[in-house]
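Engineer: One structure follows; several queries about it will come next.
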Amino acid sequence: MRILLTGKNGQLGRCFQDVIKNTELALFAFDSAELDITNAQNIDQVVRQTKPDIIVNAAAYTAVDKAETDSETAYLVNATGPCLLAEQAARLNIPLIHISTDYVFDGEAVEPYKPSDVTNPQSVYGASKLAGEESVTATCDKYIILRTAWVFSEYGNNFVKTMLRLAKERDSLGVVANQYGCPTYAGDLAKAILSICEQHEQDKPLAWGVYHYCGDTPTSWHGFARAIFAKAYELGVISSRPQLKAISSDQYLTPAKRPEYSVMSTQALRYIGVKASPWNTSLSFVLSKLT
Ligand SMILES: NC(=O)c1ccc[n+]([C@@H]2O[C@H](COP(=O)([O-])OP(=O)(O)OC[C@H]3O[C@@H](n4cnc5c(N)ncnc54)[C@H](OP(=O)(O)O)[C@@H]3O)[C@@H](O)[C@H]2O)c1
């Protein structure tokens, strides 16, 4: 089976290339210079060359704060791009696997969000990703949208790497304790996508739709930082643990508003035969790669 992957240099893109290595599947992976998902002609040319059986869109505009002042680019990459990919998927009658975010929710919930819950993004990034979801669902029939959250990996920039850097630079630091979510290892997400591709290859019927793929245990950014420092210290990645102070989001103002509670229910994942990210175990794996 031939898989077309966009955004190959991102966290998910790189992890997907890792997990597919030991399989028989043929991967055609592109970075933004080779395949710009906002360029219809470029997509058409690549699709005609590669003749994919499935498209995996790992490309996105992920600069959450920058998006507040650069909404045009955010919408181009996060809404127009997925729409163009969905048009190709529809033309070829092949599935599109697309990734979205917990930031489509406003964070006012008191229990984990289900995929069918009402969306109400509070940021340009969240709104642009929701527009992407809507364009995919309106354009093709065979799609799986995986909303994910708090993505970390051994690649690129992410919260784990920021905490490790700060641990080396500072004796103490304050981390937001009143925002709750589910950390997700990009490698686990990549494995889930691979499983979907394999099921498609084996002609297993897939339940197309929107799903939540994220970590299996909710925490706060403060709790996540505590877990990172504990494991990193244990593994010798850092030589000392900074004193960790709990602060509120009012004390850490950012251009984009984040949801206070973006915990997502992953129960529906059983319909597509995958399990939520065991982020605690995966954190140890990532830290061991960063030693
Ligand atoms: N990171 C998170 O915490 C998080 C949280 C929730 C959801 N998500 C979603 O999860 C998915 C994967 O995120 P990630 O963390 O792997 O993202 P990432 O590391 O920021 O990678 C995104 C990739 O998209 C590429 N890209 C940007 N514009 C493009 C364009 N016009 N055409 C083609 N490629 C383009 C970038 O390539 P260049 O660098 O070459 O521009 C980059 O390699 C995204 O859909 C994201 O919205 C992420």
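Rule-based calculations on the coordinates, nothing more; no lab input. As the structure is a prediction and not an experimental result, all values here were calculated from the model. Neighbour counts run over all protein chains shown; Cβ positions are idealised from the backbone, glycine included.
Engineer: Quick check on the stretch 193-253: what are the equivalent-ellipsoid semi-axes from the Cα gyration tensor, as sqrt(5λ), descending, whole Å?
Structural biologist: 38, 19, 7
Engineer: For a quick check: sort Cys15, Cys197 by the number of other beta carbons within 10 angstrom, fewest at the front.
Structural biologist: Neighbour counts put them in this order, fewest first: Cys197, Cys15.
Engineer: How tilted is helix 221-234 with respect to the longest principal axis of the chain? Cα atoms for both, answer in degrees (0 to 90, nearest 10).
Structural biologist: Orientation of helix 221-234: about 80 degrees from the principal axis.
Engineer: Can you check what the net charge comes to around Val118, using other residues whose Cβ is under 12 Å from the Cβ of Val118 (Lys, Arg +1; Asp, Glu -1)?
Structural biologist: Net charge around Val118: -2.
Engineer: Hey, another quick one. Taking the DSSP beta bridges in the chain as the whole, what percent of them are antiparallel, to the nearest 5?
Structural biologist: Just about 5 percent of them are antiparallel.
Engineer: Taking the Cα centre of each part, how many Å lie between the stretch 111-183 and the stretch 1-50?
Structural biologist: 22
Engineer: Below 13 angstrom from the Cβ of Ile37, what's the summed charge of the other residues (Lys, Arg +1; Asp, Glu -1)?
Structural biologist: -4
Engineer: Let me check I've understood the local charge: for Thr184, count other residues with C-beta under 13 angstrom from its C-beta, Lys and Arg +1, Asp and Glu -1. What total comes out?
Structural biologist: 0
Engineer: Something else about it: Within 10 Å of each residue's Cβ, count the other Cβ atoms and sort Met163, Met264, Met1 from fewest upward.
Structural biologist: With the fewest neighbours first, Met163, Met264, Met1 line up as Met1, Met163, Met264.
Engineer: Follow-up question, since we're still on this one. For labels at Ala230 and Phe285 in the simple 7 Å Cα→Cβ model, what's the distance in nm?
Structural biologist: Distance between label points: 2.0 nm.
Engineer: Pairs of alpha-carbon atoms within less than 8 angstrom and 6+ residues apart define the contacts here; what relative contact order does the stretch 149-291 have, in percent?
Structural biologist: It comes to 39 percent, rounded to a whole number.
Engineer: Against the longest alpha carbon principal axis of the chain, how many degrees, from 0 to 90 and to the nearest 10, is the axis of helix 81-92 turned?
Structural biologist: 30
Engineer: From the residues Met264, Tyr252, Tyr211, which one has its Cα farthest along the dipole of the stretch 187-291 in the positive direction, the dipole being from +1 and -1 charges on Cβ of Lys/Arg and Asp/Glu about the Cα centre?
Structural biologist: About the Cα centre, the residue reaching furthest to the positive side is Tyr252.
Engineer: On to the next question. What is the stretch 1-60 by shape, rounded, prolate or oblate, if you read a ≥ b ≥ c off the alpha carbon gyration tensor as root eigenvalues and call it rounded for a/c under 1.5, prolate for a/b larger than b/c, and oblate otherwise?
Structural biologist: The shape class here is oblate.
Engineer: Another question, then. Across 10 Å bins from the origin, how do the percents of Cα pairs in the stretch 125-241 run, short distances first?
Structural biologist: 12, 33, 30, 17, 8, 1
Engineer: What ranking of Arg270, Arg14 emerges when the number of other C-beta atoms within 10 Å of each C-beta is taken as an exposure proxy, fewest first?
Structural biologist: Taking fewest neighbouring Cβ atoms as first place, the list is Arg270, Arg14.
Engineer: Using a simple charge model, +1 on the beta-carbon of Lys and Arg, -1 on the beta-carbon of Asp and Glu, nothing else, what dipole does the chain show about its Cα centre, in debye to the nearest 20?
Structural biologist: 780
Engineer: Using a ≥ b ≥ c from the Cα gyration tensor of the stretch 132-184 (square roots of the eigenvalues), is it rounded, prolate or oblate, where a/c under 1.5 gives rounded and otherwise the larger of a/b and b/c decides, a/b for prolate?
Structural biologist: Verdict is prolate for the stretch 132-184.
Engineer: Right, something else. Please compute, over every Cα-Cα pair in the stretch 156-205, the percentage with a separation greater than 18 angstrom.
Structural biologist: Every Cα pair in the stretch 156-205 considered, those over 18 Å come to 57 percent.
Engineer: Here's a follow-up. In units of 2.2 N^0.38 Å, what is the alpha-carbon radius of gyration of the chain?
Structural biologist: Computed over Cα atoms of the chain, the ratio equals 0.98.
Engineer: Next up: Could you order peptides 279-286, 124-131 by the average number of other Cβ atoms within 10 Å of their residues, highest first?
Structural biologist: My ranking of the peptides, most packed first, is 124-131, 279-286.
Engineer: Compute the longest continuous run of the chain that contains no exposed GluC sites (Glu not before Pro); treat a site as exposed when its DSSP state is not H, G, I, E or B and it has at most 14 other Cβ atoms within 10 Å.
Structural biologist: Segment 109-291 is the longest.
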